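Enquirer: Structure incoming, see below.
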Amino acid sequence: MTATAGSAGHLPPALRTEALEQLLTERGLIDPKAMNGLITTYETNIGPLNGAKVVARAWTDPEYRRRLLGDGTAAIRELGFGGFQGEHIVVVENTATTHNVVVCTLCSCYPWPVLGLPPSWYKDPAYRARVVREPRAVLSEMGLKLADDVRITVRDSTSEVRWLVLPERPSGTGHLTEEELVTLVTRDAMVGVAKVAAP
Ligand code: FE
């Protein structure tokens, strides 16, 4: 038996997705034009910049930060972001002593309206399995070395809840404007696998 033969279970994800899309289209369950529009929107128009704007606002406006940590979905919507895959976003704060890191152990749930589409490492079975068991080691391998006394909490996404990390504002950025702060915030920091570095 060759490696390419066999059931649909052996097809690469892209082919399986295409087959699924074709089936759903044939049955009249989805409109392929709407589907392509949705994908293009998330691939090209929506990305981590939205989340960076949320973070920079929270860093510069204590009242907004309070609302964001209290009801993430509502506070994010205040800035105009929301919708598909962002119906219920919970925001958790990283500090000098507590660190949150996000995973979806089941698949690849991710807050699309604020971060765009997930990076490939987020969907990697190795990341999904290992970050739960040994977060400190996984973070270290990804370049984030946390001191032993920093408490790490792994946030597992579900179909109900999508997590967004509010990273710690780097020291020495007190003079920066909100717009300047936006440019410092990275996707990885908002997933919790990196810190935001000072400029
Ligand atoms: Fe998932």
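The values are calculated or read from the model by the stated rules, or taken from the named source; none is laboratory data. Note that the structure is a prediction, hence the values are computed from the model and not measured. For neighbour counting, all protein chains shown are included, and Cβ atoms are generated from backbone atoms with ideal geometry for every residue, glycine included. Areas reflect the complete protein model, heavy atoms only, side chains present, ligands, DNA and RNA absent. Shrake-Rupley method; radii C 1.70, N 1.55, O 1.52, S 1.80 Å.
Enquirer: Looking at the stretch 22-104, which trypsin sites (Lys or Arg not before Pro) are DSSP coil and have at most 14 other C-beta atoms within 10 Å of their C-beta? Don't skip to the end; give the middle numbers.
Expert: Details: sites: Arg27, Lys33, Lys53, Arg57, Arg65, Arg66, Arg67, Arg77; in loops: Arg27.
Answer in residue order: Arg27.
Enquirer: Restricting attention to the chain, give the cysteines that have no other cysteine Cβ less than 4.7 angstrom from their Cβ.
Expert: Cys107
Enquirer: Dividing the alpha-carbon radius of gyration of the stretch 40-89 by 2.2 N^0.38 Å (N being the number of residues), what value is obtained?
Expert: Working: Rg = 11.1 Å, N = 50, 2.2 N^0.38 = 9.7 Å.
Against the empirical 2.2 N^0.38 Å value, I get 1.14 for the stretch 40-89.
Enquirer: Could you tell me which trypsin sites (Lys or Arg not before Pro) in the stretch 99-199 are loop residues by DSSP with no more than 16 other beta carbons within 10 angstrom of their beta carbon?
Expert: Details: sites: Lys123, Arg128, Arg130, Arg133, Arg136, Lys145, Arg151, Arg155, Arg162, Arg187, Lys195; in loops: Lys145, Lys195.
The qualifying sites are Lys145.
Enquirer: Relative to the longest principal axis of the chain, what angle (0 to 90°, nearest 10) does the C-alpha long axis of helix 48-60 take?
Expert: 20 degrees
Enquirer: Helix 13-26 versus the longest principal axis of the chain: what angle, 0 to 90°, nearest 10, using Cα atoms?
Expert: 60 degrees
Enquirer: Chymotrypsin sites (Phe, Trp or Tyr not before Pro) within the stretch 59-135: which are DSSP loop residues with at most 12 other Cβ atoms inside 10 Å? Mind dumping the intermediate values first?
Expert: On the way: sites: Trp59, Tyr64, Phe81, Phe84, Trp121, Tyr122, Tyr127; in loops: Phe81, Phe84.
Of the chymotrypsin sites (Phe, Trp or Tyr not before Pro), the ones in loops of the stretch 59-135 whose Cβ has at most 12 other Cβ atoms within 10 Å are Phe84.
Enquirer: Accessible area per residue for the stretch 32-191 in Å², computed with a 1.4 Å probe and the full protein assembly in place, what is it?
Expert: Numbers: 8050 Å² over 160 residues.
Ligands and nucleic acids excluded, the figure is 50 Å² per residue.
Enquirer: Two-decimal Rg/Rh of the stretch 98-199 from alpha-carbon positions, Kirkwood Rh?
Expert: Numbers: Rg = 13.9 Å, Rh = 14.3 Å.
Ratio of gyration radius to Kirkwood radius for the stretch 98-199: 0.97.
Enquirer: How much of the accessible area of the stretch 32-191, in percent, comes from carbon and sulfur atoms when a 1.4 Å probe is used?
Expert: Details: 4330 of 8050 Å².
On the stretch 32-191, the fraction of accessible area on carbon and sulfur atoms equals 54 percent.
Enquirer: For the chain, just the Cα atoms, rotate onto the principal axes and tell me the three extents in Å, largest first.
Expert: 60, 37, 28
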